[in-house]
Structures are given as C-alpha cells and as structure tokens.
Amino acid sequence: MLELPEVEVLRKDLEKEVVGKRIKDALVMTPSVVTAFHRTRPDFSKLLEGRKITAVRRRGTVLFIDLDEPRTWIVDPGATGSLHRATSTEKPGKDTHWIVTFTIGGAIHGTDPIRGGGGRMGVVPTPDTLALAGLSPDAIDPLEDNPTWPDFLQVLKAAAGPLKSVLQDETLILGVGEVYSDEVLWEAGLRYDRQSHTLTEQEVRRMYRALQEVMHAAIKQRGSSLDEPGQEESIDEDGVSPGHIRVYGRDGRPCLRCRHTIVKTKLKKRSVTYYCEQCQM
C-alpha cells in the first residue's frame, strides 16, 4: 500500500534516474490510466514524447515530473501501484499498465497487480498541477511543508472526528493512510477513535513528534511496500515485516511497548485498524 514514505522513496529514485533524460516513447496499455486527463491515449503520448525531464517533485502520494516546457507529467501510482526501472527492451509483465522509454536507453514501467489499476497520469500545464491532481492547497504535507507543532495544532483545531480519520483526511494532511496512521497513533500512545478536539497540548505535541519520526523512519527503511529487486522485506521473529512497522498487522502479537496483545478492529466498519488497548489512551 503506497503512502507518503513509499512515494518519497520513488521520487528520490526517479530524480537520480530520469532527470535530464529525453522521452522517446510513451505506451499506455490500460486506457483508464489517462482518461482522467486526456480523451485518448495518443493525446497523452503526443504531449510526453520528445520532452526532456527537468525535475521530479512530490505532493502527498502524487508525483510531479516537470518537463522542458511549462508542462508537468502527473503520476499518481494509486494505492497498490508502483514504478519500476527497466531496460528499453524488457518485455512488460502481466501487471504492467504503461511504459515510458528514453532516447539514451532505459525505461520506466508502471505496474499494479489490481486488474483495471495502474493509477492515473496526465500531462498538464504546470501552474494547474495541484488543482488537476485533486489536491487541497490547504492540506499539509508532513515532509514537504516541514510544519511546526503549532501548524499541526491548527490542523487538529480545524478537524472534527476520530484521530485516525483526521490523519487520513486528505483535505487536512497528505499521504497518511491506514498503515502509517496506525503507526503514528501507536508511537504517540493515542487511541484511533479518540476525538481530535479532546487532545491536550502535550498530546498534540506527542502526536506531531510521532508523525515526523514515523515518516522519517519509514523513508530510511525505504517504506513498507516497495517491490523492487534487491529491496525484499525482512521478516522479524514475530513474522512482521519490515522492522520499522511497530503495530500495523500485528494483531494477536504482544505490543512492543507494553507486551499487551495488539487488537485488530475497524473504524466506522470500514478502515482496518491495529492498536494496543493497554498503552494507547
């Protein structure tokens, strides 16, 4: 499941690999990948082919790949998608939805194991990227914006509802999904269903610090769901992978802080949640 840490790792990898390269071909096998931005697949390809990549940016879980004209290639991998480096002659796998090749060799394959997946992408005028990507201009990116704890306090004041829902609300905070919302709340010692308006100043500071620490620790470990050669996940003695995941997926196992059993539940019958009943209050 791609959340902010995984996409930040993708951004860093792409920045090293593709900046300065010129695009030779853009092949889209799954039409739904581009229909949010373009009428047809050739409409997309014509805008991308022949262009040179000048920068790779990120906002939340969306990548913005700037071109050598005032246009940007938006790539939203989706919850289960990924981007893979490949040779220009490598055959696409069954999960490949699009391929972009470069004039000096090499290619990027957009993959997604979900049928009909592949995320969404398009080439749009650079000034319109945030609006066309559907991102709120007021939402904070925990890494890109480097918010202070008073900034975070203002976000919580503007919110209303359970803390897990607040963390996952893309109009408030970008890039935090089911996995890292649980990790942040466990690190902060706060329950998933605690109402945001009930937090004390000390608890806000704890939650803010947990958000920063969890995001940076995940990036250091290259996220929790990258599927690239040489990046296989390691399994610990409790069967949990990778090591920086402290609570998500650990139901029935002892809490790594208090040894009480981790519980799996659902928030509003929809969002899967893992937490410790003993030390999250």
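The values are calculated or read from the model by the stated rules, or taken from the named source; none is laboratory data. None of the values given here were measured: they were computed from a predicted structure. Quick reminder, even Gly has a Cβ in these numbers, built from the backbone with ideal geometry, and neighbours come from all protein chains shown.
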Picked from segment 132-146 (must be over 13 Å from ALA36 (Cβ atoms) and without any contact (Cβ under 8 Å) to a residue 60 or more places away in the chain), the residue surrounded by the fewest Cβ atoms within 10 Å (Cβ to Cβ) is PRO137
Taking PRO150 as the residue in question, decide whether it is part of a helix (DSSP H, G or I) and surrounded by fewer than 19 Cβ atoms within 10 Å (Cβ to Cβ).
yes
Long-range neighbours under 7 Å by Cβ, at least six apart or interchain, first residue touching a residue at least 12 places away in the same chain (Cβ under 8 Å) and within 20 Å of PRO42 (Cβ to Cβ) within segment 92-110, second basic (Lys, Arg) and part of a strand (DSSP E or B):
THR101/LYS24; PHE102/ARG22; PHE102/LYS24; THR103/ARG22; THR103/LYS24; ILE108/ARG85
Please state which one of GLY93, GLY81, GLY106, GLY110 is of a type outside the set (Val, Ile, Thr) and on the phi > 0 side of the Ramachandran plot.
GLY106
Could you list, in sequence order, all residues of segment 261-271 that are modelled with pLDDT under 95 and in contact with a Lys or Arg (Cβ under 6 Å, 6 or more places away or on another chain)?
LEU267
Matching residues in segment 164-208 - criterion: being hydroxyl-bearing (Ser, Thr, Tyr), in a helix (DSSP H, G or I) and without any contact (Cβ under 8 Å) to a residue 12 or more places away in the chain
THR198
Taking the residues in segment 56-77 that are free of Cβ contacts under 8 Å to residues at least 60 places away in the same chain and within 18 Å of ASP145 (Cα to Cα) as candidates, determine which candidate is nearest to the chain's Cα centre (by Cα).
LEU63
When the residues of segment 1-24 are filtered to those that are touching a Leu at 6+ places or on another chain (Cβ under 9 Å) and of a type in the set (Asp, Glu), which remaining residue is surrounded by the most Cβ atoms within 10 Å (Cβ to Cβ)?
GLU6
